[in-house]
1. Can you tell me which residues in region 95-122 are at pLDDT 95 or above, under 30 Å from residue 262 (Cβ atoms) and open to solvent by less than 80 Å² (accessible area, probe 1.4 Å)?
2. Just for strands (runs of 3 or more DSSP E) wholly inside region 71-186: which have at least 1 residues that are out of contact with any helix residue (DSSP H, G or I) (no Cβ under 8 Å at 6 or more places or on another chain)?
3. Just wondering, is there one or more residues in region 71-86 that are at pLDDT 95 or above and within 16 Å of residue 148 (Cβ to Cβ)?
4. What is the residue count in region 231-252 for residues that are touching a residue at least 24 places away in the same chain (Cβ under 8 Å), under 15 Å from residue 193 (Cα atoms) and outside any strand (DSSP E or B)?
5. List, please: which pairs have Cβ atoms under 8 Å, are six or more places apart or on different chains, and start with a residue in region 7-21 that is part of a strand (DSSP E or B) and end with one that is open to solvent by less than 80 Å² (accessible area, probe 1.4 Å)?
6. Tell me yes or no: at least one residue of region 259-272 is part of a loop (DSSP other than H, G, I, E, B) and either farther than 25 Å from residue 125 by Cα or open to solvent by 10 Å² or more (accessible area, probe 1.4 Å) (or both).
7. Limited to region 146-169, what total is found for residues that are of a type in the set (A, V, I, L, M, F, W, C) and in contact with a Leu (Cβ under 8 Å, 6 or more places away or on another chain)?
8. Let me spell it out: the conditions are (1) of a type outside the set (A, V, I, L, M); (2) under 23 Å from residue 241 (Cβ atoms); (3) in contact with a His (Cβ under 9 Å, 6 or more places away or on another chain), and residue 36 meets all of them except one. Which number is the exception?
Amino acid sequence: MVNFNGEILPESSQLSNNRGFYFGDSVFESCRIKSNNILFWEDHYFRLMSSMRIMRFNIPDTFTPSFLHDEILKIHNHNSDLDHGRARISVYRSSSGNYNPESNDISYIIKTSEIHNNNYEFLNKDLRVDLYKNYLIDNQLINTIKSNNKSINVLASIYASENDLDNCILLNKDRMISEFINGNLFLVKDDLIITPNLNSGCLDGVMRKNIIKILHDNNFNVIEADLKPFEIISANEMFMTNAVQGIQPIKYYRKKIFSNDVTSKLLSLLNTSIN
């Protein structure tokens, strides 16, 4: 039994031995469903497996690509009549023990929600961003996986809301650009497209990987490099990528106003690649 908001209730099976809740001992993947298929599923699956290995989880033999794919679509089709939506699969170490778990066995929870547009689209607003400097992210391997240790992202989101911003740029301990709160960052400077390298502590994003591939395939000049905040001012465009929203152009950074010519072309190329 547990005391939940003053009521004595039975402990739910989702909470029992849930080290993701108690210690942040969990990883997750967010993905987009289109026409009842999971976009970039192979990339999501292998990143999830890599994250689980880094966290020293025991990966069940049943955790095959087809098994997890079907498990996601099972709950998606139960929750929605639409062929498209978003899904989050959370995998946590399911064990008693304090900091030292008694086993490395896992449990998983899958949650889905509807998306009403089939292709990727720009949001119907001009996005405004700024730097978040209250806390810095660490640029270690553990930061490149999708764990649920996201306190800095949560606090940065609150900061953005309190300061009439749509997003914030996170910096690493060297005060170099790492990523947005919920996606990877790209700058367009004349004929060059730049994104922070993985040593910056940014997420090894599935959409980041696929946008870089699209750029290479279409003869854009793209590099992964260290980026200092002052370089934003000299850029022509800035955009964010993630697996659910695709590509989103940034309009304002302080007094800087960006165009979105290259970003619009990339959106078209992205939608072509998934159709």
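The values are calculated or read from the model by the stated rules, or taken from the named source; none is laboratory data. For clarity, every value in this text was computed on a predicted model and none was experimentally measured. Here the Cβ positions follow ideal geometry from the backbone for every residue, glycine too, while neighbour counts run over all protein chains shown. Ligands, DNA and RNA are excluded from the accessible area calculation, which covers all protein heavy atoms including side chains. Shrake-Rupley method; radii C 1.70, N 1.55, O 1.52, S 1.80 Å.
1. 120, 122
2. Working: elements: 85-93, 106-114, 127-137, 167-172, 177-180.
So the answer is 85-93, 106-114, 127-137, 177-180.
3. Looking through region 71-86, none of the residues is at pLDDT 95 or above and within 16 Å of residue 148 (Cβ to Cβ).
4. 5
5. From region 7-21, the pairs are 8/2; 9/2; 18/92; 18/94; 18/107.
6. In the first step, residues of region 259-272 are kept if they are part of a loop (DSSP other than H, G, I, E, B); the result is 259-260.
Then keep just the ones that are either farther than 25 Å from residue 125 by Cα or open to solvent by 10 Å² or more (accessible area, probe 1.4 Å) (or both); that gives 259-260.
Yes, the conditions are met somewhere in region 259-272.
7. In the first step, residues of region 146-169 are kept if they are of a type in the set (A, V, I, L, M, F, W, C); the result is 152, 154-156, 158, 160, 165, 168-169.
From what is left, the residues that are in contact with a Leu (Cβ under 8 Å, 6 or more places away or on another chain) are 152, 156, 168-169.
Qualifying residue count for the region: 4.
8. Just one mismatch for residue 36, condition (2).
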